[in-house]
Amino acid sequence: MNADAIVTELDAMRAQGWSAASLKELAVRLLHESNPRFHWTGIYELFPDGTLRLGPFLGAPTDHVSIPVGRGVCGTAVAEARNINVPDVRELDNYLACSLETRSELVVLIRTGNRIYAQIDIDSHQPAAFDPGTEESVQKVADALAPLYEAENPGQRA
Ligand code: SME
């Protein structure tokens, strides 16, 4: 399923009254199944205390269920308010290993303008698994999730 189809599916399920939690799980599953290079796909949610907490995910369980802003690839993406595409995680100093098999990682922020709510984090066993088109696709799904966060946390996540 491509990103446009995933967004259409999310919109349809939202119109049917699915909860935000169910829609986030669905987004993770459809994204995870959309690309054979995605070996771990999950959402980290930003809390007001400055930590990212693990939400729905598919792939190997991780020790990193809570990550301070500024730490690792995930925390750096929030600290610098930008998506991060790491072609080879072995070249990073501030990498938090989820799986020893991971070679590349993509973090795409779920945001509205300057306001960051969460992020989609994807790990691949393949080096340089994420081309610009892949990042664009993940961004479309992230953008489709942003209104859910906006609606459930007015004024809470900054
Ligand atoms: N590698 C991430 C930690 C999360 S796991 O990949 C799921 C990081 O460096 O922030």
Worksheet item: What part of the accessible area of segment 76-158, given as a whole %, is carbon or sulfur when the probe is 1.4 angstrom?
Response: 48 percent
Worksheet item: Where nothing but the Cβ of Lys and Arg (+1) and of Asp and Glu (-1) is charged, how large is the charge dipole of the chain around its Cα centre, in debye to the nearest 20?
Response: 260 debye
Practice prompt. Sticking to Cα atoms, compute the Rg of segment 3-152 to one decimal and its Dmax as the biggest Cα-Cα distance, whole number, in Å.
Written response: 14.2, 45
Fill in: segment 2-80 - charge dipole about Cα centre, Lys and Arg +1 at Cβ, Asp and Glu -1, debye rounded to 20
100 debye
Worksheet item: If you project the alpha carbons of segment 1-89 onto their three principal axes, what span does each projection cover, largest first, in Å?
Response: 37, 31, 25
Worksheet entry | For segment 3-152: accessible area per residue (Å², 1.4 Å) | 46 Å²
Practice prompt. Using DSSP to define loop residues, name the GluC sites (Glu not before Pro) in segment 89-140 whose beta-carbon has at most 16 other beta-carbon atoms within 10 Å.
Written response: E101
Discussion item. I need the peptides 25-38, 50-63, 110-123 ranked by packing, meaning the mean over residues of other C-beta atoms within 10 angstrom, with the highest value on top.
Written reply: 110-123, 25-38, 50-63
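The values are calculated or read from the model by the stated rules, or taken from the named source; none is laboratory data. Computed from a predicted model, the values in this text were never measured in an experiment. Every residue, glycine as well, gets a Cβ built from its backbone with ideal geometry; the counts of neighbours run over all protein chains shown. Quick note on the areas: whole protein, heavy atoms, side chains included, nothing else; ligands and nucleic acids left out. Shrake-Rupley method; radii C 1.70, N 1.55, O 1.52, S 1.80 Å.
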